[in-house]
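Asks: Dropping the structure in here first, questions after.
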């Protein structure tokens, strides 16, 4: 089950599309259950499917994930990208890193996925380049800076995917709660920058809480 309602789709549409999702294997179902029980924000199932389709199509050799949480996205990406791909996923919480590493080990992907504890911006700044696929699901206030750092590090036809860019639908509303105004404005700026970036061809998709997708051109 998803952790929240869709930001664009009507409820019946979202439920219909969710019903089309193929069953996850036992490990992913367990991870979804843990995230739900602990209130942890992992990718919605249809977003995970989109990541898998994107990784299969792009066949990336180097994947960077910003925001590991318990490792759900990293495992989906590594499986879809294939055994030759390397996945670097970044998380600043030591406890979440430990949980993610345990799941990665159980998935048999420890040789393929590196769970790096640290600040996302610092890790991105240290990456030389050659990123074929980047998945962003981390600190929303830092999304514009993630974009600035990722674009020059993308390989030719490199892809950026970012989750939660509609932020519970707030980005499209005139009346935004005071507690969400700053974050909403930052995400509006990020969305506009991604779609209008001269080095990218991008769009915003109505998946889950909004997914940004862009390819380097």
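The values are calculated or read from the model by the stated rules, or taken from the named source; none is laboratory data. If you're wondering where the values come from, they're calculated on a predicted model, not measured in any experiment. We place every Cβ from the backbone using ideal geometry, glycine too, and count neighbours over all the protein chains shown.
Asks: So which of 158, 210 is at pLDDT below 95, in contact with a strand residue (DSSP E or B) (Cβ under 7 Å, 6 or more places away or on another chain) and under 20 Å from residue 67 (Cα atoms)?
Replies: Values: 158 fails: at pLDDT below 95.
The unique qualifying residue is 210.
Asks: Quick test of your reading of the structure: residue 18 fulfils all but one of (1) at pLDDT below 80; (2) under 19 Å from residue 140 (Cα atoms); (3) in contact with a helix residue (DSSP H, G or I) (Cβ under 8 Å, 6 or more places away or on another chain). Name the failing condition by number.
Replies: Evaluating residue 18 over (1) at pLDDT below 80; (2) under 19 Å from residue 140 (Cα atoms); (3) in contact with a helix residue (DSSP H, G or I) (Cβ under 8 Å, 6 or more places away or on another chain) leaves (2) as the failure.
Asks: Of the residues 156, 137, only one is exposed (fewer than 14 other Cβ atoms within 10 Å of the Cβ) and under 20 Å from residue 56 (Cβ atoms); which?
Replies: Being exposed (fewer than 14 other Cβ atoms within 10 Å of the Cβ) and under 20 Å from residue 56 (Cβ atoms) holds for just one of 156, 137, which is 156.
Asks: How many residues does the range 199-210 hold that are buried (at least 22 other Cβ atoms within 10 Å of the Cβ), in contact with a helix residue (DSSP H, G or I) (Cβ under 8 Å, 6 or more places away or on another chain) and within 12 Å of residue 167 (Cβ to Cβ)?
Replies: So the count comes out to 2.
Asks: Looking only at the range 101-141, filter to residues that are touching a helix residue (DSSP H, G or I) at 6+ places or on another chain (Cβ under 7 Å), within 26 Å of residue 53 (Cα to Cα) and part of a helix (DSSP H, G or I); which one of those is modelled with the lowest pLDDT?
Replies: Applying the filter and picking the extreme gives 140.
Asks: Can I ask one more? Looking only at the range 166-195, filter to residues that are touching a strand residue (DSSP E or B) at 6+ places or on another chain (Cβ under 8 Å) and at pLDDT 95 or above; which one of those is farthest from residue 145 (Cα to Cα)?
Replies: Our first condition is that a residue be touching a strand residue (DSSP E or B) at 6+ places or on another chain (Cβ under 8 Å); within the range 166-195, this holds for 166, 190-191, 194-195.
Within this subset, residues satisfying the condition of being at pLDDT 95 or above are 190-191, 194-195.
Values: 190: 9, 191: 12, 194: 11, 195: 15 Å.
Per the criteria, the residue is 195.
Asks: Looking only at the range 49-95, which residues are free of Cβ contacts under 8 Å to residues at least 40 places away in the same chain, surrounded by fewer than 24 Cβ atoms within 10 Å (Cβ to Cβ) and part of a helix (DSSP H, G or I)?
Replies: 49, 52, 53, 56, 57, 79, 80, 94, 95, listed by residue number.
Asks: Can you work out which of the residues in the range 96-111 that are in contact with a strand residue (DSSP E or B) (Cβ under 7 Å, 6 or more places away or on another chain) and more than 13 Å from residue 76 (Cβ to Cβ) is surrounded by the most Cβ atoms within 10 Å (Cβ to Cβ)?
Replies: Taking the range 96-111 and keeping what is in contact with a strand residue (DSSP E or B) (Cβ under 7 Å, 6 or more places away or on another chain), we get 97, 100-101, 104.
Okay, now just the ones that are also more than 13 Å from residue 76 (Cβ to Cβ), so 97, 101.
Working: 97: 21, 101: 19.
Per the criteria, the residue is 97.
Asks: How many residues does the range 140-153 contain that are within 14 Å of the chain's Cα centre (by Cα) and closer than 24 Å to residue 61 by Cα?
Replies: 4
The rows are residues; the columns are (1) more than 19 Å from residue 208 (Cα to Cα); (2) more than 21 Å from the chain's Cα centre (by Cα); (3) surrounded by fewer than 23 Cβ atoms within 10 Å (Cβ to Cβ).
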site: 162; (1), (2), (3): no, no, no
site: 166; (1), (2), (3): no, no, no
site: 169; (1), (2), (3): no, no, yes
site: 175; (1), (2), (3): yes, yes, yes
site: 178; (1), (2), (3): yes, yes, yes
site: 181; (1), (2), (3): yes, yes, yes
site: 197; (1), (2), (3): yes, no, yes
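Asks: Among the listed residues 122, 114, which satisfies the condition of being without any contact (Cβ under 8 Å) to a residue 40 or more places away in the chain and out of contact with any strand residue (DSSP E or B) (no Cβ under 6 Å at 6 or more places or on another chain)? Reasoning before the result, please.
Replies: Values: 114 fails: out of contact with any strand residue (DSSP E or B) (no Cβ under 6 Å at 6 or more places or on another chain).
Going through 122, 114 in turn, the sole match is 122.
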